[in-house]
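Here is the structure we will look at, set down as structure tokens.
The values are calculated or read from the model by the stated rules, or taken from the named source; none is laboratory data. What you see is a predicted model; the values in this text were computed from it and never measured. Note: ideal-geometry Cβ built from the backbone for every residue, glycine included; neighbour counts use all protein chains shown.
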Amino acid sequence: MFDRENRVVLAGFVIGQSFQFVFIIFLTNEFLIKRHSQLQQAYYYVLYITYILDTLDNIAWFYYEAVGNKVGDIGVAISHVFISYYIYSIGTSSFLLSLNRFTAVAYPSVHLKFWRGKSLYIILSVTFIIPFLMEVHALTDIDCKFYPFVDKCESKTLRNLLIRTVYNTTLSVAALGIVTVAVIKAPKHSSALAKIERNTVIYTMATSILVIAYSIFYYLSNTNLSTYVVVYNIAFASFGIHQYGPMMSLLFLNSVFRKRFLQFLKLHHFGVVKKRGEVTTIM
């Protein structure tokens, strides 16, 4: 069952996942039901994928923590495989979002051609495939992949964790470099659209920094048991903020996203959204 150090994580999991479910339903509505939506763009598709993968990861983590270290339990085995896959995906998605913001801000004409049609499908496919390829090396010992907590797997589990840490940290540092160059190269427009694009760069930078923090602290929590509880909670606080903090910040940084979200919640009936489409505070 849940250990003491996981209770704080569980509380954050319940709160964050509750909001995330709402965002998933909202974006599903925008993508599949709305015929034309301003959110039907590559940037939001990537966010949508990350929300779904994180939800599946939360379900896997919840199952594992509830059941415990049960060798032979197929649910535990599947949970560990997916959790490992998801951890690789956070660095991949962080890098992909930064590349998207780089082209949107620095090269808008290239961006419109690159992030749609067949090229978009290829990019999204590669995003799914790369984390899987990073996991291939661990399949040489399938037992340790399914049940990494057993004593004989300790060294292999720590090695795999180090590989994930280096992978996510490297991609996130590269992501920070890319968005920094984007900010430098970006034309100094003052339009509303340009402001939104710059704000989404802030979102991407925050995500990348928190991925780095989570990756490093989680690795350290597994290498020094004397400080495990403290460092573990720091790691998962970084992870929770990385996933749910920027998600909520979209409502403040992105007026287009905010407008569509408030309309989805039917808050325009209470005067939150003006008839001309502006989003204002509730009076």
Select from segment 209-239 the residues that are of a type outside the set (V, I, T), closer than 24 Å to T55 by Cβ and surrounded by fewer than 20 Cβ atoms within 10 Å (Cβ to Cβ) and list them in ascending order. A213, N233, A237
Does G72 satisfy the criteria of being buried (at least 18 other Cβ atoms within 10 Å of the Cβ) and not acidic (D, E)? no
Of all residues in segment 118-151, count the ones that are under 23 Å from N222 (Cα atoms) and loosely packed, with under 11 Cβ neighbours inside 10 Å. 4
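Please report, ordered by residue number, the helices (runs of 4 or more DSSP H) entirely within segment 100-147 with at least 1 residues that are within 23 Å of Y48 (Cβ to Cβ) and out of contact with any Asp or Glu (no Cβ under 6 Å at 6 or more places or on another chain).
Details: elements: 108-114, 117-135, 142-146.
Counting at least 1 such residues, we get 108-114, 117-135.
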Residues of segment 1-27 classified as more than 19 Å from H242 (Cα to Cα), at pLDDT 90 or above and either exposed (fewer than 13 other Cβ atoms within 10 Å of the Cβ) or among the small types (G, A, S) (or both), total: 1
Quick check on L56: is it surrounded by 17 or more Cβ atoms within 10 Å (Cβ to Cβ) and either closer than 15 Å to Q243 by Cβ or at pLDDT 85 or above (or both)? no
Per the filter on segment 152-170, residues closer than 24 Å to G75 by Cβ and surrounded by fewer than 13 Cβ atoms within 10 Å (Cβ to Cβ) are K152
Could you tell me how many of the residues in segment 100-134 are of a type in the set (G, A, S) and in contact (Cβ under 8 Å) with a residue 24 or more places away in the chain? 2
Listed residues S89, S109; which is under 18 Å from L210 (Cα atoms) and either buried (at least 20 other Cβ atoms within 10 Å of the Cβ) or at pLDDT below 85 (or both)? S89
Select, from A66, A60, A77, A104, the only residue that is within 17 Å of the chain's Cα centre (by Cα) and among the aliphatic types (A, V, I, L, M). A60
